[in-house]
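Asker: The following block contains the structure, expressed as structure tokens.
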Amino acid sequence: TAELYACGVCGGDGTSCEGCTDPEACNGAPAYTDEDGSFYYAQDGFDCNGFCLPVTNDECSLAEPIACSQVITATTVCADTTESQYCNQIWEGQYFHGGLWYSIVGTGDTLRATMCFENTDYDTYLSVYEGSCDNLNCVAGNDDQGEADLLAETCGENFLASAVDWESEAGVEYLLHV
């Protein structure tokens with residue numbers, strides 16, 4: 001038979017038990033009374049077993065509203081793979097990839113969506129549409145910054161990052177797919 005020595009269970013004395021006391025940690029337990037520093041947490045977008053958590057905005061109809069100047073930190077790793085139309089690029093046809101949807105309301109000014117950040121260390125694709133999810137009209141798109149002009153300074157040295165500028169119409173909702 002196994003003999004467990006855990007906080008008053010099967011031979012433990014019940015007075016103190018070292019372990020992770022943080023209930024938010026993957027290995028936290030209410031039986032532990034003394035913190036031992038052994039805590040670990042799930043990575044963003046994953047559960048404690050390493051499985052993807054559901055992504056709320058990986059479908060066009062569930063686009064997350066954003067505002068001008070708002071910076072979003074997210075990952076597309078767990079996003080469902082969708083079929084998308086290339087938008088305003090030298091490429092034609094459709095492609096499949098996991099992506100996230102966002103919506104923003106036009107101001108009547110030039111708007112810019114960018115993935116040109118230091119932590120963007122993967123190949124990105126960014127599309128801006130107007131219209132409904134079942135009838136998207138391409139407004140602007142970018143893959144690998146200046147592919148039409150490989151010397152363009154869209155994202156500086158981060159060639160695989162994407163950014164787009166477009167003339168928005170006041171009050172028009174735009175859908176961004178990243």
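What follows draws every value from the coordinates through simple rules; no lab data is involved. In this text the structure is predicted, and so the values were computed from the model without any measurement. Cβ: placed from backbone, ideal geometry, glycine included. Neighbour counts: every protein chain shown.
Asker: Rg and Dmax of the range 24-68, Cα atoms, in Å?
Answerer: Both quantities, over Cα of the range 24-68: 16.4, 47 Å.
Asker: I would also like to ask the following. Excluding Ala74 itself, what net charge comes from residues whose Cβ is under 13 Å from its Cβ, given Lys and Arg +1 and Asp and Glu -1? If you can, show how the numbers build up before the last one.
Answerer: Numbers: positive: none; negative: Asp44, Asp58, Glu64.
Result for the local shell: -3.
Asker: Hey, another quick one. Counting only other residues whose beta carbon sits under 12 Å from that of Val164, what net charge do I get with K and R as +1, D and E as -1?
Answerer: On the way: positive: Arg112; negative: Asp143, Asp165, Glu167.
Taking every other residue near Val164 into account, the sum is -2.
Asker: Here's a follow-up. Given a cut-off of 17 Å, what percent of all Cα-Cα pairs of the range 94-133 lie beyond it?
Answerer: Values: 357 of 780 pairs.
Percentage above 17 Å: 46.
Asker: Taking K and R as +1 and D and E as -1, what net charge do the other residues with C-beta under 14 Å from the C-beta of Glu130 add up to?
Answerer: Details: positive: none; negative: Asp134, Glu167, Glu169, Glu173.
Residues close to Glu130 contribute a combined charge of -4.
Asker: How many angstrom lie between the Cα centre of the range 13-73 and the Cα centre of the range 100-129?
Answerer: 27
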